[in-house]
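Working notes, beginning with the structure itself.
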Amino acid sequence: MTEFGILILEDIGDEWIVAEDFIVSDGLTILVAPRGTPTDGASIPRFFWRLIGSPLTGAYRKAAVIHDAGYKGTLRWFNGCGVIDYDREMVDNLFLELMKALGVSPWRRWMMYRGVRWFGQKPWDDNR
């Protein structure tokens, strides 16, 4: 069972930042989006808000913050052996798994996952 800590975001104008370390754990793996990590929530184009939801509202919000930390390179991903080096595909798959754990509907998970797989390369590259 995945446990999600308390997510506290601070509005800094054109984006949000994680105000306190945000921790997610399933007992074997620990994920930390550290304080100060910038996020725009789920990068959902405004055109799709009526279908999927706005960036910081749905059940997917906590998964999106972890995903953003992965894309920004600030995510700390630990397992029983230490820190995990991750790549874009791993972060996108993590996003999908976390959305499932948060109870996001299958069709919404699929749409959001496909969106990051199809359009995430440039944002990933911009932060590397």
- line: In the set Ala42, Ala59, the lone residue that is surrounded by fewer than 17 Cβ atoms within 10 Å (Cβ to Cβ), modelled with pLDDT under 95, under 14 Å from the mean Cα position of the chain (by Cα) and aliphatic (A, V, I, L, M) is Ala59
- request: Among the residues of segment 23-37, write down those that are at pLDDT below 95 and either assigned to a strand (DSSP E or B) or at positive phi (or both).
  value: Gly27
message: Out of everything in segment 79-90 that is within 16 Å of Asp26 (Cβ to Cβ) and not hydroxyl-bearing (Ser, Thr, Tyr), what residue ends up being surrounded by the fewest Cβ atoms within 10 Å (Cβ to Cβ)?
response: Cys81
message: Step by step: first the residues of segment 114-125, then only those that are farther than 16 Å from Tyr86 by Cα and surrounded by fewer than 17 Cβ atoms within 10 Å (Cβ to Cβ), then the one that is modelled with the lowest pLDDT. Which residue is that?
response: Phe119
field: Qualifying positions in segment 64-97 - of a type outside the set (Asp, Glu), within 10 Å of Trp124 (Cα to Cα) and in a loop (DSSP other than H, G, I, E, B)
entry: Gly73
- prompt: Taking Leu75, is it under 12 Å from the mean Cα position of the chain (by Cα), over 21 Å from Pro38 (Cβ atoms) and of a type outside the set (D, E, K, R)?
  reply: no
statement: Of those in segment 98-113 that are among the hydrophobic types (A, V, I, L, M, F, W, C) and assigned to a helix (DSSP H, G or I), the residue surrounded by the fewest Cβ atoms within 10 Å (Cβ to Cβ) is Trp107
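The values are calculated or read from the model by the stated rules, or taken from the named source; none is laboratory data. Being a predicted model, the structure only gives us computed values, none of them experimental. Glycine gets a Cβ as well: all are built from the backbone with ideal geometry, and neighbour counts include every protein chain shown.
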